[in-house]
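The values are calculated or read from the model by the stated rules, or taken from the named source; none is laboratory data. Quantities reported herein were computed from a predicted structural model and do not represent experimental measurements. Methodologically, a virtual Cβ is constructed for each residue, glycine included, from the backbone with ideal geometry; neighbour enumeration extends over all protein chains shown. We work out accessible area using only protein heavy atoms, side chains counted, and drop any ligands, DNA or RNA first. Shrake-Rupley method; radii C 1.70, N 1.55, O 1.52, S 1.80 Å.
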Amino acid sequence: MGQAAILTVDDDPSVSRAIARDLRRRYGDRYRIVRASSGAEALEVLRELKLRGSRVAVMLADYRMPQMNGIEFLEEAMDLFPFARRALLTAYADTDAAIQAINVVDVDHYLLKPWDPPEEKLYPVLDSLLDAWQATGDREQPDIRVVGHRWSEPSFQIRDFLARNLVPYRYFGADEPEGRRLLEAAEAGPEAVPLVVTADGRALSRPTVQEVARAAGLSTDPGRDFYDLIIVGGGPAGLGAAVYGGSEGLKTLLIERQAVGGQAGQSSRIENYLGFPDGISGAQLTDRARRQADKFAAETLTTREVVGLRTDGSARTLTFADGGEVSAHAVVLATGVSYRPLLADGVAGLTGSGVFYGSAATEGPACAGTDVYIVGGANSAGQAALFFSRYARRVTLLVRGDSLEASMSYYLIQQLAQVENIEVRTRCEVVGAQGTGHLQAITVCDSKNGTKATVECGYLFVFIGAEPRTDWLGDTVLRDERGFIRTGPDLLVGGERPRGWDRDRDPFYLESSVPGIFAAGDVRASSVKRVASAVGEGAMAVALVHRYLEA
Ligand SMILES: Cc1cc2nc3c(=O)[nH]c(=O)nc-3n(C[C@H](O)[C@H](O)[C@H](O)COP(=O)(O)OP(=O)(O)OC[C@H]3O[C@@H](n4cnc5c(N)ncnc54)[C@H](O)[C@@H]3O)c2cc1C
């Protein structure tokens with residue numbers, strides 16, 4: 001396969017020449033630098049590259065171009081090369097317009113003109129885009145193939161797991177010709193679905209996610225029995241702790257029950273995380289954080305759920321749900337929160353078949369032309385509404401409260417108001433869900449006028465009542481009445497240290513009621529439920545682990 005291309009599009013010939021020159025100087029030996037002078041010409045070039053079987057690593061488009069602007073071009077270009085990384089070139093005066101537009105199209109970065117010196121302003125961005133593109137390999141030739149049923153919960157679980165772990169795969173419906181061919185080749189009947197065909201040609205019928213993880217080359221078993229630090233939970237707090245633990249020389253293990261990224265991994269665009277003025281998708285942030293943790297030799301396990309924690313003298317031992325134990329000097333609990341089930345008639349039976357908890361990005365394209373309903377009034381629900389509005393005919397946000405102001409950031413409320421196919425309905429609740437095999441309708445109660453109405457609905461995404469789900473900790477560490485882990489000053493009642501505390505110091509700020517066991521992120525009582533604070537607490541927990549180990 002020939003060199004992958006970096007494509008630049010700019011209608012101004014001098015800018016176009018200058019950027020191509022700078023790109024050639026740094027990347028010309030490894031990539032083909034291709035330039036076009038309009039969106040239409042660039043699309044033509046991309047079509048040719050596609051036909052020749054070439055790959056495109058990065059597309060860099062000027063924002064302000066006549067006929068077709070950079071955003072419009074990138075939107076169309078994504079249909080041809082969906083995995084190429086995308087950047088927008090803007091003049092300072094267009095920054096606001098570009099950022100607004102970026103919210104609608106998934107652009108990785110925007111670069112300001114002029115980009116001199118390129119060593120500071122152009123190459124670092126391009127390096128990170130190329131790194132990210134290379135890390136995911138040639139995603140147009142994914143090795144894993146999944147045959148499933150559109151509305152089956154187990155099929156959804158596998159697709160969701162692969163997508164959230166950023167593993168490239170191809171999906172075929174069991175009733176599509178290629179799906180049928182794969183089933184036939186595996187000598188499997190319809191009862192074998194979901195069927196996963198691995199890179200080396202093994203067919204796994206109805207595999208567990210752990211089997212799928214192994215097939216995808218994800219690590220599921222610890223490399224040693226004892227670590228300096230074990231982190232439970234691979235969201236922003238856990239990843240933050242893993243990066244700092246690994247970089248500071250601690251033998252670090254991160255254990256994640258599903259996919260790294262946690263809640264943040266499900267976010268279509270995080271706009272308030274420091275250092276990303278044009279926003280970053282949860283998948284990109286996760287991808288970068290995971291690579292960073294790898295770089296610092298922190299081990300990461302996926303699909304392993306921790307169900308027990310005990311102290312054995314100075315060791316802290318964790319038990320896995322599927323058996324086995326692993327110990328460390330110190331533990332950081334970063335298990336975050338999960339959504340509470342929506343208790344309405346018919347919902348439980350349709351979960352995974354039209355009803356989803358959190359944002360199931362894999363379902364985006366399938367929502368095309370349908371009516372999507374989203375339950376919840378927090379930022380997560382707002383982001384999901386924006387994301388699905390790109391595909392759905394109509395998106396309705398059902399909010400139990402009187403308004404969004406109390407629960408959602410101002411910038412998101414503003415964005416929702418600007419999208420034509422989004423409707424916000426306050427004081428409304430879902431009281432029932434109906435459908436044969438998959439969701440077809442929901443019943444909504446509007447408490448403003450006390451009416452109930454059943455409406456057509458293909459997809460319902462639920463974002464309510466995030467809870468910590470820490471029951472497995474039992475009495476090991478002190479938790480508040482809702483299950484959040486108490487730490488530091490919260491543990492001192494009337495100046496008294498917690499019962500059983502055996503040190504002649506107070507618990508450190510993020511330390512639980514057991515020395516050497518820390519909590520970080522959303523699972524911690526009184527924490528701020530944000531990506532930045534979770535990452536910050538993860539990093540801070542490692543500093544406190546050092547202090548604990550030194551004592
Ligand atoms: C859709 C969405 C959009 C959001 N957008 C924003 C935003 O724009 N800006 C912002 O600041 N915040 C946003 N948030 C909130 C933000 O994502 C969270 O505050 C942040 O992810 C908390 O990080 P955490 O690491 O503490 O927990 P989580 O992200 O909840 O991660 C916890 C991880 O622990 C794992 N885990 C749990 N129990 C176990 C166990 N027993 N064993 C092993 N693993 C376990 C879970 O599977 C999960 O991966 C958003 C949240 C959602 C859902």
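For Ser407, state whether it is part of a helix (DSSP H, G or I) and of a type in the set (Ser, Thr, Tyr). Here the answer is no, as Ser407 does not meet what is asked. So, of the residues in region 219-236 that are part of a strand (DSSP E or B) and more than 8 Å from the ligand (Cβ to nearest atom), which turns out to be farthest from Phe320 (Cα to Cα)? Step by step, filter region 219-236, then rank; the result is Asp228. Being without any contact (Cβ under 8 Å) to a residue 40 or more places away in the chain, not in a loop (DSSP other than H, G, I, E, B) and not assigned by the TED database to the domain that holds Gln266 narrows it down to one of Val444, Val395, so name that one. Step by step, each of Val444, Val395 is checked, and only Val395 is without any contact (Cβ under 8 Å) to a residue 40 or more places away in the chain, not in a loop (DSSP other than H, G, I, E, B) and not assigned by the TED database to the domain that holds Gln266.
The rows are residues; the columns are (1) outside any strand (DSSP E or B); (2) among the charged types (D, E, K, R); (3) more than 17 Å from Ala242 (Cβ to Cβ).
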position: Asn272; (1), (2), (3): yes, no, yes
position: Gly275; (1), (2), (3): yes, no, yes
position: Arg288; (1), (2), (3): yes, yes, no
position: Arg291; (1), (2), (3): yes, yes, no
position: Ala297; (1), (2), (3): yes, no, no
position: Val307; (1), (2), (3): no, no, yes
position: Arg316; (1), (2), (3): no, yes, no
position: Asp322; (1), (2), (3): yes, yes, yes
position: Leu342; (1), (2), (3): yes, no, yes
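Which members of region 354-371 meet the condition of being outside any loop (DSSP other than H, G, I, E, B), open to solvent by 10 Å² or more (accessible area, probe 1.4 Å) and within 16 Å of the ligand (Cβ to nearest atom)?
Across region 354-371, the qualifying residues are Tyr357, Ala361, Thr362.
Given the residues Leu239, Leu253, which is the only one that is assigned by the TED database to the domain that holds Arg524, touching a Leu at 6+ places or on another chain (Cβ under 8 Å), over 24 Å from Tyr357 (Cβ atoms) and within 14 Å of the ligand (Cβ to nearest atom)?
The match here is Leu253.
When region 435-450 is limited to residues that are open to solvent by 70 Å² or more (accessible area, probe 1.4 Å) and in contact with a strand residue (DSSP E or B) (Cβ under 9 Å, 6 or more places away or on another chain), the one that is farthest from Arg269 (Cα to Cα) turns out to be Lys448. I'd like to know if region 381-390 contains one or more residues that are free of Cβ contacts under 8 Å to residues at least 40 places away in the same chain and assigned to a loop (DSSP other than H, G, I, E, B). The answer is no, given that none of the residues of region 381-390 is free of Cβ contacts under 8 Å to residues at least 40 places away in the same chain and assigned to a loop (DSSP other than H, G, I, E, B).
Restricting Arg505, Arg499, Arg482 to residues that are in the same structural domain as Val243 (by the TED database), in contact with a strand residue (DSSP E or B) (Cβ under 8 Å, 6 or more places away or on another chain) and either of a type in the set (Phe, Trp, Tyr) or part of a loop (DSSP other than H, G, I, E, B) (or both) narrows the list to Arg482. Taking (1) assigned by the TED database to the domain that holds Gly240; (2) part of a loop (DSSP other than H, G, I, E, B) in turn, His438 satisfies each apart from (1). Filtered by the rule that a residue be touching a residue at least 60 places away in the same chain (Cβ under 8 Å) and open to solvent by 70 Å² or more (accessible area, probe 1.4 Å), region 451-461 gives a lone residue, Glu456.
Is at least one residue of region 227-238 touching a residue at least 24 places away in the same chain (Cβ under 8 Å), buried (at least 20 other Cβ atoms within 10 Å of the Cβ) and under 28 Å from Gln440 (Cα atoms)? Checked region 227-238: no residue is touching a residue at least 24 places away in the same chain (Cβ under 8 Å), buried (at least 20 other Cβ atoms within 10 Å of the Cβ) and under 28 Å from Gln440 (Cα atoms).
Residue count for region 32-76 satisfying the condition of being open to solvent by less than 10 Å² (accessible area, probe 1.4 Å) and in a loop (DSSP other than H, G, I, E, B): 0.
The residue that is surrounded by the most Cβ atoms within 10 Å (Cβ to Cβ), counting only those in region 462-471 that are in contact with a strand residue (DSSP E or B) (Cβ under 8 Å, 6 or more places away or on another chain) and more than 23 Å from Val545 (Cα to Cα), is Phe463. When Arg482, Arg503, Arg524, Arg497 are screened for being within 16 Å of the ligand (Cβ to nearest atom) and open to solvent by 70 Å² or more (accessible area, probe 1.4 Å), only Arg482 passes.
Name the single residue that is farthest from the ligand (Cβ to nearest atom) among those in region 533-542 being of a type outside the set (S, T, N, Q) and open to solvent by less than 50 Å² (accessible area, probe 1.4 Å). Selected residue: Val542.
So that you can scan it fast, the table gives a plain yes or no per residue for (1) of a type in the set (Phe, Trp, Tyr); (2) outside any loop (DSSP other than H, G, I, E, B); (3) open to solvent by 20 Å² or more (accessible area, probe 1.4 Å):
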{"site": "Gly179", "(1), (2), (3)": "no, yes, no"}
{"site": "Glu184", "(1), (2), (3)": "no, yes, yes"}
{"site": "Glu187", "(1), (2), (3)": "no, no, yes"}
{"site": "Glu191", "(1), (2), (3)": "no, yes, yes"}
{"site": "Leu204", "(1), (2), (3)": "no, yes, yes"}
{"site": "Gln210", "(1), (2), (3)": "no, yes, yes"}
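Within region 270-286, being open to solvent by 20 Å² or more (accessible area, probe 1.4 Å) and either more than 7 Å from the ligand (Cβ to nearest atom) or assigned by the TED database to the domain that holds Ala132 (or both) holds for Leu274, Gly275, Phe276, Pro277, Ala283, Leu285.
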